[in-house]
Amino acid sequence: LLESVLGNMSTTGVDGHDECHFYNHTYVEWGERIARLLHRDLYGASYGPNIDAPNPVAASWLSSTELELDFGDTGNGLILQPGAENFFSLSDGVAIASAQVIGSTVVLTTAAPSQAQSVSFVDVPGDIPWLINDLGIGSFAWYELEITP
């Protein structure tokens, strides 16, 4: 039966973190998100294109100071909450100056030219700004996603 469930759900982008566990309303929200996936995958319900958590499929350099993160089919309706750009990091330590959503991608602009081989987007304890979709579902966090040339 579990092989029939195709979707994945992140635990990010929901307020209510007490720096160790979560408050009741957070667990309720996650339950509703997972229920949509189960209803779609097991019973054929239709909820639209954004019920899966945004998940990057590729990262590539557009120039020495612009990196594109492609979210593919899970990138519909992306919203970068103010301050979320602070949680992106590059393997060579070059700072991220800004980030913007363009379609189903996020374009990061670096403070200086970079030759990073990977990019990370990490979560920290507490309620922080996040990359979400228009349903409020937070992107997966990731560590060292390979940047292809």
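The values are calculated or read from the model by the stated rules, or taken from the named source; none is laboratory data. All figures in this text were calculated on a predicted structure; none of them were measured in a lab. Every residue, glycine as well, gets a Cβ built from its backbone with ideal geometry; the counts of neighbours run over all protein chains shown. Note: areas computed on protein heavy atoms with side chains; ligands, DNA, RNA excluded. Shrake-Rupley method; radii C 1.70, N 1.55, O 1.52, S 1.80 Å.
In this structure, does GLU146 turn out to be open to solvent by 30 Å² or more (accessible area, probe 1.4 Å), touching a residue at least 60 places away in the same chain (Cβ under 8 Å) and either under 14 Å from the mean Cα position of the chain (by Cα) or within 20 Å of ALA58 (Cβ to Cβ) (or both)? Yes: the conditions hold for GLU146. Tallying residues that are modelled with pLDDT under 85, surrounded by 12 or more Cβ atoms within 10 Å (Cβ to Cβ) and part of a loop (DSSP other than H, G, I, E, B) within region 19-46 yields 1. Filtering ALA59, ALA95, ALA45, ALA99 for residues that are closer than 28 Å to THR148 by Cβ and in contact with a helix residue (DSSP H, G or I) (Cβ under 6 Å, 6 or more places away or on another chain) leaves a single hit, ALA99. Considering only residues that are part of a loop (DSSP other than H, G, I, E, B) and in contact with a strand residue (DSSP E or B) (Cβ under 9 Å, 6 or more places away or on another chain), which ones fall in region 116-132? ALA116, GLN117, VAL122, ASP123, PRO125, GLY126, ASP127, ILE128, PRO129, TRP130, listed by residue number.
Inclusion of GLU3 among residues that are loosely packed, with under 15 Cβ neighbours inside 10 Å, over 17 Å from PHE140 (Cα atoms), over 21 Å from the mean Cα position of the chain (by Cα) and modelled with pLDDT under 85 is warranted. Got a sec? Which of ILE128, ILE132, ILE137 is modelled with pLDDT under 95, touching a Lys or Arg at 6+ places or on another chain (Cβ under 7 Å) and not charged (D, E, K, R)? From the options ILE128, ILE132, ILE137, the qualifying one is ILE137. Only one of the numbered conditions (1) assigned to a strand (DSSP E or B); (2) aliphatic (A, V, I, L, M); (3) closer than 20 Å to VAL14 by Cα is violated by ILE147, and that is (3).
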